[in-house]
Amino acid sequence: MERQIRYQREADLEWAHQFTKHPGCERLLSCIQCGTCSGTCPLSIYMDLTPRQVIALVREGFREDVLRSQTIWLCASCYACSVECPQKVSITDIMYRLKREAIRSNLYPKRFPIPVLAREFCDMVRQRGRNSEFWVVFRMAMRSNPKILLSMARTGWELWRKGRLSLRRERIQRINELQYIPATSKEVD
Amino acid sequence: MEPSARYLYYPGCSLKGTGIAYEESLLTTFRLLEMPVKELPDWNCCGATTYMSVSETSATLLAARNLALARQTGSKDLIAPCNACYLTLRKSQRLVADYPQIAQETERFLEQAGLPRLDSVRVRHPLEVLYNDVGIQRLRELTVRRLQGVRMASYYGCQAVRPYGEVDDPHEPTRMDEILRAVGVEVVGYNLKTKCCGGPLTGTIHDVGVRLNYILLKEAMRLGAQAMVTICPLCQFNLDAYQAEIRKQTGEPIDMPILYLTQVVGWALGGDYRELGLHRAISGRKLLEQWFTVRKEAETYV
Ligand code: SF4
Ligand code: SF4
């Protein structure tokens, strides 16, 4: 396995320090690197960095390493790690925060479907108040990798036959109320 | 104004689409229990895990609108059957309670939108309503028919039992087993009850998502379960929709019905096949028909 050496000068300690001030990220520095989170995470074997490694890198200030990782996008927000962590580190919230920052700083892997899905989803919800499963998936596929539509066709057909695939584009009535929800701003929040 | 129903119901987007059988069976079950539920008028998407990945503030405001609408109706109990909706709504309440800045933003938004301030709306999950408000004893009494010798694995998925909920114990949840036994179902000791199904991963990083579901199904089979019982539309979809693909990939003869808890309970209370949405399953259809279509002679009335 290729090993990468990281030098202290590449670290951004101020970033790490600021990080702990955000909701849910307060206990970052309490991590004892026990690895319970990685052991609990159903997805850690598919990740490039394990959750424990993510925590270690964040608090040492290796910003780009974590923001570019696939790990944060594989995290399914299942909260297993957060429930099991002996130090009550809310790893899930830390992952969320990293996802938000990766999107804002455009650091996610290009054409990687998950951030694309996230954007499509949010646009649709802000414009219509509801998401229509079919249209979100369709638009995500068109923007990331249209070929996956072929492999989805079979499942789609099955769902359609059972009346589980609605092509209706849902919309709430009082859509004007949503205009007061800020559009995703430059700032990470 | 019509008298407010005790229970309001927040469907969320899935229960109007892929999870429509959850809505059908939930409404049927509550009707049979004589606990009418009313759909929250003009509800909006909860934001799910996705909005939280883009903006925490906006995600909280989206959830807050629903809570404010609930308050307007005068009901105190808002049932959110989808695990992701349930968690998101409750998480937003926690964020508002714990962080003054988020509370301020929320207040400002509600004021601009002309909505009432947040108040003590209780976000409930159907599993916990069945357990706490109806109770095991009453469910046992109301059961009019039992499945004979069918073993099932109860599967919670992840978000319902995690930090913001009060559905069940996050480490060793048992309430679903108790409910299933009360209505006459045999349960196996399934130890992956709260292992995540991958949520949207089957649609994004497909192979990984399918793999997680294969593990869940295989373990249920190994334990001798003939079906799995879920309480979340995404879990149900993931476990149900990809079995053909898993069969092809692994050669494993998996064809297992994936039920909603409300389908099993609703059937025990006397609901029928179609009104419980049992005809909408993709996998294990033969078994479903065998178990749940009315064959008077094979039913044991109790
Ligand atoms: S479980 Fe908690 S304490 Fe242990 S490595 Fe993970 S974050 Fe750190
Ligand atoms: S919340 Fe994310 S990191 Fe934690 S266990 Fe679940 S998938 Fe893994």
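Annotations
- Of the residues making up the stretch A:37-54, just one is more than 10 Å from ligand 2 (Cβ to nearest atom) and either among the β-branched types (V, I, T) or open to solvent by less than 30 Å² (accessible area, probe 1.4 Å) (or both), namely A:I45.
- Candidate set from the stretch A:94-113 (those that are touching a Gly at 6+ places or on another chain (Cβ under 9 Å) and not aromatic (F, W, Y)); member that is modelled with the highest pLDDT: A:I94
- Conditions (1) within 12 Å of ligand 2 (Cβ to nearest atom); (2) of a type outside the set (K, R); (3) within 11 Å of chain B (Cβ to nearest Cβ); number of the one not met by A:M124: (1)
- Of all residues in the stretch A:1-29, exactly one satisfies the criterion of being within 16 Å of ligand 1 (Cβ to nearest atom) and of a type in the set (K, R), namely A:R27.
- Screening the stretch A:179-189 for residues that are surrounded by 11 or more Cβ atoms within 10 Å (Cβ to Cβ) and more than 7 Å from chain B (Cβ to nearest Cβ) and picking the one that is modelled with the highest pLDDT gives A:Q179.
- The set of residues from the stretch B:131-158 being open to solvent by 10 Å² or more (accessible area, probe 1.4 Å) and in a loop (DSSP other than H, G, I, E, B) comprises B:G135, B:V144, B:L147, B:Q148, B:G149, B:C158.
- Check on B:Q148, over 18 Å from the mean Cα position of the chain (by Cα) and either within 17 Å of B:T262 (Cα to Cα) or modelled with pLDDT of 95 or more (or both): no
- Subset of the stretch B:96-130 that is assigned to a loop (DSSP other than H, G, I, E, B) and within 9 Å of chain A (Cβ to nearest Cβ) - its residue that is modelled with the highest pLDDT: B:Y99
- Identity of the residue in the stretch A:58-77, within 14 Å of chain B (Cβ to nearest Cβ) and within 14 Å of ligand 1 (Cβ to nearest atom), that ends up nearest to A:S105 (Cα to Cα): A:T71
- Residue in the stretch B:159-184 that is surrounded by the most Cβ atoms within 10 Å (Cβ to Cβ), counting only those that are away from every other protein chain (no Cβ under 13 Å), part of a loop (DSSP other than H, G, I, E, B) and over 15 Å from the mean Cα position of the chain (by Cα): B:V183
- All helices (runs of 4 or more DSSP H) inside the stretch B:221-301 with 2 or more residues being free of Cβ contacts under 8 Å to residues at least 40 places away in the same chain: B:243-250, B:285-292
- Of the helices (runs of 4 or more DSSP H) lying entirely inside the stretch B:1-95, those carrying at least 2 residues that are within 13 Å of another protein chain (Cβ to nearest Cβ) and within 23 Å of B:L130 (Cβ to Cβ) are B:20-32.
- Screening the candidates A:I91, A:I32, A:I55 for the property of being touching a Leu at 6+ places or on another chain (Cβ under 9 Å), of a type in the set (A, V, I, L, M, F, W, C), at pLDDT 90 or above and within 11 Å of ligand 1 (Cβ to nearest atom) yields one hit, A:I55.
- Residue within the stretch A:1-11 that is at pLDDT 90 or above and of a type in the set (D, E, K, R) present: no
- Enumeration of residues in the stretch B:248-281 that are farther than 26 Å from B:R31 by Cα and either touching a helix residue (DSSP H, G or I) at 6+ places or on another chain (Cβ under 8 Å) or within 13 Å of chain A (Cβ to nearest Cβ) (or both): B:K248, B:Q249, B:T250, B:E252, B:P253, B:I254, B:D255, B:M256
The values are calculated or read from the model by the stated rules, or taken from the named source; none is laboratory data. Computed from a prediction, not measured in an experiment: that's the story for all the values here. Here the Cβ is made from the backbone with ideal geometry for all residues, glycine too, and neighbour counts use every protein chain on show. These accessible areas exclude ligands, DNA and RNA; they are computed on the full protein's heavy atoms, side chains included. Shrake-Rupley method; radii C 1.70, N 1.55, O 1.52, S 1.80 Å.
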